Amino acid sequence: MEKEDQKKFYKHAPFSNVHLRIYLAIILGQFTSGYTIQISGTAISAAQKYLPISSLWVGLIGSGTLIGLAGSLFVGKISDNIGRKQLLLINMYVLTGVSLCQLFTSNLWLTFIFRIAVGLMIAIDYTVGNALLIEWLPFKESGKMQSHLVIYWTLGFILASFSNSFITGFGESTWKILMVSPALFGIITAVFRSFARLPASPSWLVNQGKPKRAQRVIQKHLGTKWGISKKQKIHAAKVTASSANFSWTILFSKKYIRYTLVGGVFYASQAFSFFGISIFLPILVSKMGISNTSLVGYLYNGCMFLGIIFGIRIFGTFSRRHFLVGDFLLSAICLLILALWSSIPKELALLTFSLFSLTLSAGLVMDYPYTSELFDSNIRGTGVGMVVTISRIGAAAGTVLLPVITSSLNVQFSMLTCGLILLFAGIFCFIFAPETSIKYKKS
């Protein structure tokens, strides 16, 4: 027993093979998720050349994946009950199969349902993958490596934006081929995870009242000198597997409601503008009177990627709270300028739009570390799932409403809507957002 007490806490272990395997498994999932989400907008734009699709259906198909992502609360709760590993081993196989089904139908209702199913599989990566990662990564590496995940998500998103440039020559079936294309990345991810020997989460096992099994998992993958902490042992002694099965309503209890609301407002407001504008960029740009939509697409996506790199570079320089507030307010200012200055010169409009892309995408760096840090390990899957669910409601609303608003009113009103939502988020986070960075909590 004395030797067990002398074991070092596994979260202080150096980065090793097990951490790399988990990280690569999550990276592949993030790339696939980014590609799959964006491809619907690219595909439906291609379909408009051959099918009479209304603005409402354009929005619905584009938002189908995001609506499916609203199932994050459901899968997060399942992962807190049955574990992380099992869900991550099956979701990409299901995503591949459902993606392939889209090749055999032109029915918009069926396509919409398939997109929702695909989104539900991505929800597993957003919630369960992130929970497993933060529960294994060493303390010193966790925040930094989580912030890097958005690079791979963005690469997938950008690749899908330009996929219609190299997926050509299929005539009326081109849009179906685009819809099916995520299957390639889905099967690669699924096969890798099957052979990567993903471990169970020690923190989850402790929260299920299984400290001995948690010790065995740690020692198998990290060595015999590592184990759970004394605090976890005390917690495990008070927990049984049955008592660990809590209701998701705990997230709205006095203890957690502030974190749930901050996470939901932050993520939903960001997602409303980001997905609404990014997925239907060609439509918005053409309504701005700019004829060269391809040039704007390259510029927008280039600034998006630069924004991600910039965000990663400054991630540890500011507190989480200051980063959030500043990012929202700067993004809001850019869109409000575009919305309220109707006679803005096109060159200045492009510059402002590019600055918006750079600024808002820099904030994407906060998505994974901040939402995970808001919640304790025993409810992390459910907590992150709730936040992602709220965010996908915002994202789906953006992708459904912005095409309709743009076609029925004008693009300036769409920009105004997004700008006001970002402004509200900045003010809300200024008042309520907690600081979660250990570095800035101490200062």
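The values are calculated or read from the model by the stated rules, or taken from the named source; none is laboratory data. What you are looking at is a predicted structure, and each value in this text was computed from that prediction instead of being measured. For neighbour counting, all protein chains shown are included, and Cβ atoms are generated from backbone atoms with ideal geometry for every residue, glycine included. These area figures cover heavy atoms from the full protein model, side chains too; ligands, DNA and RNA do not enter into them. Shrake-Rupley method; radii C 1.70, N 1.55, O 1.52, S 1.80 Å.
Taking amide H atoms as placed 1.01 Å from N in the peptide plane, the amide H of Gly227 lies under 5 Å from those of Lys8, Phe9, Tyr10, each 5 or more residues away in sequence or on another chain. Once the Cα atoms of helix 85-101 and of the chain are each reduced to a long axis, what angle between those two axes, in degrees from 0 to 90 to the nearest 10, is obtained? Approximately 20 degrees, to the nearest 10. Equivalent ellipsoid of the stretch 44-185: semi-axes from √(5λ) of the C-alpha gyration tensor, largest first, are 31, 17, 13 Å. If you take the alpha carbon atoms of the chain and fit the smallest convex hull around them, that volume is 135 Å³ per residue.
For the pair Ser165 and Leu20, the difference between a 0.36 nm per residue extended length and the Cα-Cα distance amounts to 48.8 nm.
Approximating the spin labels as points 7 Å out from Cα along Cα→Cβ, the Leu89-to-Lys8 distance works out to 3.0 nm. On a 31 Å Cα-Cα criterion, which of the cross-link pairs Lys85/Lys230; Lys8/Lys254; Lys220/Lys254; Lys49/Lys85; Lys231/Lys254 come out too long? Violating the 31 Å Cα-Cα cut-off are Lys8/Lys254; Lys220/Lys254; Lys49/Lys85.
Helices in the chain, meaning DSSP H runs of at least 4 residues, each add -39500 (n - 2.57). Divided by all residues, the mean residue ellipticity at 222 nm is -24000 deg cm²/dmol.
Applying the Karplus parametrisation 6.51 cos²θ - 1.76 cosθ + 1.60 with θ = phi - 60° to the phi angles of the stretch 308-323, what ³J(HN,Hα) value in whole Hz is obtained for each residue in order, glycine and proline being reported as x? Working through the residues one at a time gives 4, 4, 4, x, 5, 4, 9, 3, x, 7, 10, 5, 4, 5, 5, 4 Hz. When nucleic acids and ligands are ignored and a 1.4 Å probe is applied, Lys225 ends up with an accessible area of around 110 Å².
Once all protein chains are placed together, His322 keeps about 110 Å² accessible to a 1.4 angstrom probe.
The mean sequence separation of alpha-carbon pairs under 8 Å and at least six residues apart, normalised by the residue count of the stretch 289-443, gives a relative contact order of 39 percent.
Accessible area of Trp153 (1.4 Å probe, protein heavy atoms only, ligands and nucleic acids ignored): about 10 Å². Distance distribution note for the stretch 1-90: the fraction of Cα pairs above 19 angstrom is 64%.
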